[in-house]
There are 2 protein chains.
Amino acid sequence: MPVQFQPRRSIEQVEEGTELAPRFDERGLIPAVTTDAVTGEVLMQGWMNAEALKLTIETGEAHYYSRSRGALWHKGATSGLVQTVRELLVDDDQDCVWLKVTVAGGASCHVGYRSCFYRRVPLGSREELALEFTETDKVFDPHEVYGDAPNPTVL
Amino acid sequence: MPVQFQPRRSIEQVEEGTELAPRFDERGLIPAVTTDAVTGEVLMQGWMNAEALKLTIETGEAHYYSRSRGALWHKGATSGLVQTVRELLVDDDQDCVWLKVTVAGGASCHVGYRSCFYRRVPLGSREELALEFTETDKVFDPHEVYGDAPNPTVL
């Protein structure tokens, strides 16, 4: 039986209940935070539409909505870096989901790093702020994996 | 010297460079993922405007933008549950930040739980989907802490 979402009827139902009643924004999207199920590292933050969230629940593999391509995105379909969902959680007001995943191939970032969050922002006021790399070696070469596919980064 | 953001000039600059050039969406907001610096648990997913991100960097305490109140939000100003930022990271296309924090009082959720993500979504197709609570005891009583302040959850 396909996954059904429930209508949002009350704050108590949404915050304290056991019904899944996610809130999608005006674009029809909900943010998804994806962490490595073993290390706890945040791998990426993506977006899901209703179809992507339902497919993620039903199949146990992470599906997102690609805003740059405007299409459903089965993560790993191109790169092979499929994310198997070990645990899926929803937040208090049900406008965000958290996926704990294991990743075939060990990388989740289209630039080639393990995590999309490979740069640190130094804290405090300073003359010049320079990001610090926390990963130095890429897990894969994005040119080999994606070829001439357009880069999803929007300026 | 106050924190300055750089203009976004190229994909290489944004993805592979050391300049902080965050992308705020059409509402002027960037999503922020907040994890516990010790346990790695995702505590909340919030939003920042440019001012909130600058204040977070400059002060080392998490500032967000409250969409329900339409105002800058120094987390913990009302509840005392201030988040001290231990590490701040930015993602590949610089449209999301990740805060690793320690929390005075040990809770980050306005409902009273440690994390906002206190319910699990069971995976797979099934007759009826029921969320499973992963936290059973609240850290604080929200009525005592927030009194009659309006609940931020939007239906």
Per the 1/(1 + (r/R0)^6) rule, R0 = 51 Å and r from the Cβ atoms of A:Glu87 and A:Glu127, FRET efficiency to 0.05 is 0.70
Of all DSSP beta bridges having both residues in the protein assembly as shown, the percent classed as antiparallel (nearest 5) is 80 percent
Comparing A:Thr84, A:Thr35, A:Thr18 in a Gaussian network model of chain A (Cα, 10 Å), the one with the largest mean-square fluctuation is A:Thr18
Chain A: Kirkwood hydrodynamic radius (Cα pairs, Å) comes out at 17.0 Å
Answer in debye to the nearest 20: the dipole magnitude of segment B:5-134 about its Cα centre, from +1 Lys/Arg and -1 Asp/Glu charges placed on Cβ, is 580 debye
Over 19 Å (Cα to Cα) among B:Lys75/B:Lys100; A:Lys54/A:Lys75; A:Lys54/B:Lys100; A:Lys54/A:Lys100; B:Lys54/B:Lys100 -> A:Lys54/B:Lys100
Of the candidates A:Val145, B:Leu155, A:Thr35, the farthest towards the positive dipole end of the protein assembly as shown (Lys/Arg Cβ +1, Asp/Glu Cβ -1, centred on the Cα centre) is B:Leu155
As a percent rounded to 5, the proportion of antiparallel DSSP bridges among beta bridges in segment B:32-121 is 75 percent
Contact order relative to length for segment B:1-145, counting C-alpha pairs under 8 Å separated by 6 or more residues, stands in percent at 20 percent
Once Lys and Arg are counted +1 and Asp and Glu -1 for all other residues with Cβ under 10 Å from that of B:Arg86, the total becomes -1
dims of segment A:53-143, Cα set, principal axes, largest to smallest, nearest Å -> 50, 38, 26
Amide H contacts under 5 Å for B:Gly60, restricted to residues at least 5 apart in sequence or on another chain and with H modeled in the peptide plane, are A:Gly124
Rounded to a whole number, the Stokes-Einstein D of segment A:58-107 in µm²/s (Kirkwood radius over Cα pairs; 20 °C; 1.002 mPa s) is 181 µm²/s
Most fluctuating of A:Ser108, A:Ser125, A:Ser79 in the GNM of chain A (C-alpha, under 10 Å) is A:Ser125
The ratio Rg/Rh over the Cα atoms of the protein assembly as shown, Rh being the Kirkwood inverse mean 1/r radius, stands at 0.95
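A short reminder: the numbers here are calculations on the coordinates, not readings from a lab. Keep in mind it's a predicted model, so treat the numbers as computed, not measured. Note that each Cβ is placed from the backbone with ideal geometry, even for glycine, and that neighbours are counted across all protein chains shown.
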